[in-house]
Structure formats: structure tokens, C-alpha cells
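Single-structure report; data block below.
Please treat every number below as a calculation from the coordinates, not as lab data. The structure displayed is predicted, hence computed values, not measured ones. Ideal geometry is used to build each Cβ from the backbone, glycine not excepted, and the neighbour counts take in all protein chains shown.
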Amino acid sequence: MTVSAWVKARAVELGAALCTAGILIGGLAIGVPFLLERIPEVFLYSFCCVTAVFLRAAIDLAVRASVLAVHGIRPAPAPAAVRLEPSNA
């Protein structure tokens with residue numbers, strides 16, 4: 001996955017989380033009775049939606065960095081054996 005594709009995917013996830021949080025908090029603002037009865041849960045869920053996206057991105061970056069580090073530490077392949085034959089000079 002290229003960097004730009006990864007950033008686009010995270011941006012879509014973040015946009016969806018912010019949209020969900022916005023709808024919930026907007027529902028509180030206009031006075032939706034179901035949401036007004038659960039004000040702490042609405043804010044907690046909104047916070048968790050957005051935080052989960054950042055946490056997933058951080059974990060994904062950590063795993064990718066670990067994989068990249070492991071590939072960098074791996075010893076270089078042994079050079080192929082060279083056959084020396086007597087010259088006819």
C-alpha cells in the first residue's frame with residue numbers, strides 16, 4: 001500500500017468518525033430526547049470514535065515500522081560462489 005493510499009484510507013476513517021460524532025453532538029444540540037437522556041454516553045462514544053481512528057493509525061504505523069526494521073536488520077544474502085578455473089594463457 002502506498003503512502004498516499006494509506007493516508008486516504010485513514011482520512012476516510014477519520015471523516016466517518018468525525019461525522020458520527022458530529023451527528024451525535026448535533027442531536028444533543030437540537031434536543032433529541034433519546035440523546036438528552038444519555039448525555040455522558042454520547043460524549044464518550046463521540047470521543048471513542050475519533051480516538052479509535054488515531055489509535056488504529058498509530059498501531060498500523062508501529063507495525064509497519066517494525067516490519068521495515070526487521071527487513072533492514074536481515075543479513076544480506078551470501079554472495080554466489082565464484083568458480084575459478086585455470087587460465088589457458
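A few notes on this one:
- Among residues other than F54 with Cβ under 10 Å from its Cβ, the summed charge is +1 (Lys and Arg +1, Asp and Glu -1).
- Axis of helix 3-30 versus longest Cα principal axis of the chain: the two differ by about 10°, to the nearest ten degrees.
- Convex hull of Cα atoms in the chain, direction-averaged projection (nm²): 9.6 nm²
- Helix 39-73 axis versus longest C-alpha principal axis of the chain: approximately 0°, rounded to the nearest ten.
- Sparsely packed GluC sites (Glu not before Pro) within the chain, loop by DSSP, other Cβ within 10 Å at most 15: E37
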